[in-house]
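The values are calculated or read from the model by the stated rules, or taken from the named source; none is laboratory data. Remember, predicted model here, so these are calculated numbers, not experimental data. Neighbour counts run over all protein chains shown; Cβ positions are idealised from the backbone, glycine included. To get the accessible areas, we keep the full protein, side chains included, count just its heavy atoms, and leave off ligands, DNA and RNA. Shrake-Rupley method; radii C 1.70, N 1.55, O 1.52, S 1.80 Å.
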Amino acid sequence: MKLVVVSAGLSSPSSTRLLADRLTAATLGHLDAHPETVELRELATEIAQHLVTGFPPARLAAALDAVAAADGLIAVTPVFAASYSGLFKSFFDLIDKDALTGTPVLVGATGGTARHSLVTEHAMRPLFTHLRAPVVPTAVYAASEDWGGQGLAQRITRAGTELARSMRSMSPAAQDTAPDIDTAAAIAPRSPTGAVTSTDPANGLRTVPFEQRLAALQSG
C-alpha cells in the first residue's frame, strides 16, 4: 500500500513537517505501507507556473501523480489568516476532481495559538469532502504550546490508527474477503406510506403492523 504525505510548511526545519512525520509514524505503526512525502515548499515555483500555464513541470507532475495513486493521504498545513495556507490550497486546486475519490485522508494543521484549532473542521475537512475523499474522524491541530504535551501525542496516535484502519478496509484484499451481505435483510421494510416498520425476527422480514406493536406495549 502507498501512503502519501503532503506537507505545506514554509521553513526548514518546520513544525508542519514535524507534525506530518509524527502522523506518518503513527500510521505506519499499524500498517505495512510505503510512505512518500511531498514538500510543497520545494514545489512553490512549479505550482505557480502550472496555475499560469496549465502545464505542470516534471517534479510537480510526479507529485500530483503520487497523490492520485495514493491508498491513503496525510495532509498538513500551517495556518494563515485562520485557514490553510495559499500554497496548500493552490496545490490541491491542481488535483483532478476525481483523483482522490474514496481515498482516506488524515488532516493536520499547525499554528501559533489554540485559537485556530477549528481550522481542520471549517476549512480542511470541507475541502477534502468536496474532493469526495473520506476524512478520518480525528484531525490533529498543534499549537506552539502543544508540543511535548501528552494530549498531542494521544491525538496523533488516535488519528494514525484511524487512517491505518481506513486504508486496510479500502484495500482490494480486504474488500475481496469481506462477508457477503444479504441486501434484502439489510434493508428495513417499509409500510405502504413509506415509513420504516418493525420486523418479527422469528418470521424473517414479515412486517409487523404498528397497531399490533402498540397493542403489545399497552398490554404489557
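Sorting the segments 53-59, 25-31 by their mean number of nearby beta carbons within 10 angstrom, highest to lowest, gives 25-31, 53-59. Counted over the range 1-124, the DSSP beta bridges are approximately 10% antiparallel.
Remark: the Val52-Asp65 segment gains 2.7 nm on full extension, using 0.36 nm per residue and subtracting the alpha carbon distance. Along the axis of the charge dipole computed for the range 12-104 (Cβ charges of +1 for Lys and Arg, -1 for Asp and Glu, origin at the Cα centre), the listed residues Ile47, Thr101, Pro78 are led at the positive end by Pro78.
Seen from all directions on average, the range 46-85 presents a Cα convex hull projection of 3.7 nm². Subtracting the Cα-Cα distance of Met1 and Ala82 from 0.36 nm times their residue separation leaves 25.8 nm of extension gain. Taking amide hydrogens as placed 1.01 Å from N in the peptide plane, the amide H of Val38 sits under 5 Å from those of Val5, Val6, Ser7, each at least 5 positions away in sequence or on another chain. Where in the range 13-30 is the amide nitrogen less than 20 Å from a point lying 7 Å along the Cα-to-Cβ axis of Glu42? So the set is 13-25.
Accessible area per residue for the range 51-137 is 44 Å², calculated with a 1.4 Å probe on protein heavy atoms, without ligands, DNA or RNA.
Within the range 69-124, all pairs of alpha-carbon atoms sorted by distance into 10 Å bins from zero give the percentages 22, 52, 23, 3. Size descriptor for the range 24-155, Kirkwood hydrodynamic radius: 15.6 Å (Cα pairs only, one decimal). In this label model, Leu10 and Ser169 are separated by 3.7 nm, measuring between points 7 Å along each Cα→Cβ vector.
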